[in-house]
Amino acid sequence: MKKLVLVMVLLMVLLAACGSSSKVDPAEVEQACLEAGGIYVEEYVECEQISEQTCTDMEGTFDECGSPCRHEPDDVVCVAMCVPLCTFDAAGR
């Protein structure tokens, strides 16, 4: 019986942790991005040209090799280069 209760408690904690995605305020992301020397992309709430550590500190998701054409239609000719970027789950989006 104790094992069942323990398993249920652990399951509840795990589900709570997975379901609690905190959304960020785009204005706060913009300020932090610019302060870190990054380039803020307002339409997509992204910060380009910052380090992985800075992105982690800002609670974003880092992509070390994002496409510079990631928001363009597929038929656009794009240069083959990487853009380090940090994306966020923004409130109201």
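The values are calculated or read from the model by the stated rules, or taken from the named source; none is laboratory data. Worth saying up front: this structure is predicted, and the values here are computed from it rather than measured. So basically every Cβ, Gly included, is an ideal-geometry build from the backbone, and we count neighbours across all protein chains shown. Keep in mind that these areas ignore ligands, DNA and RNA; they rest on the heavy atoms of the full protein, side chains included. Shrake-Rupley method; radii C 1.70, N 1.55, O 1.52, S 1.80 Å.
Give Lys3, Lys23 a once-over and let me know the one that is over 14 Å from the mean Cα position of the chain (by Cα), basic (Lys, Arg), open to solvent by 100 Å² or more (accessible area, probe 1.4 Å) and modelled with pLDDT under 95. Let's see the steps before the verdict.
Details: Lys23 fails: over 14 Å from the mean Cα position of the chain (by Cα).
Only one candidate qualifies: Lys3.
Of all residues in the stretch 66-93, count the ones that are of a type in the set (A, V, I, L, M), in a strand (DSSP E or B) and either touching a Leu at 6+ places or on another chain (Cβ under 6 Å) or open to solvent by 70 Å² or more (accessible area, probe 1.4 Å) (or both).
Residues flagged as of a type in the set (A, V, I, L, M), in a strand (DSSP E or B) and either touching a Leu at 6+ places or on another chain (Cβ under 6 Å) or open to solvent by 70 Å² or more (accessible area, probe 1.4 Å) (or both) within the stretch 66-93 amount to 0.
Taking the criterion of being open to solvent by less than 40 Å² (accessible area, probe 1.4 Å), in a strand (DSSP E or B) and under 19 Å from Ala90 (Cα atoms), would at least one residue in the stretch 49-65 satisfy it?
No, the stretch 49-65 contains no residue that is open to solvent by less than 40 Å² (accessible area, probe 1.4 Å), in a strand (DSSP E or B) and under 19 Å from Ala90 (Cα atoms).
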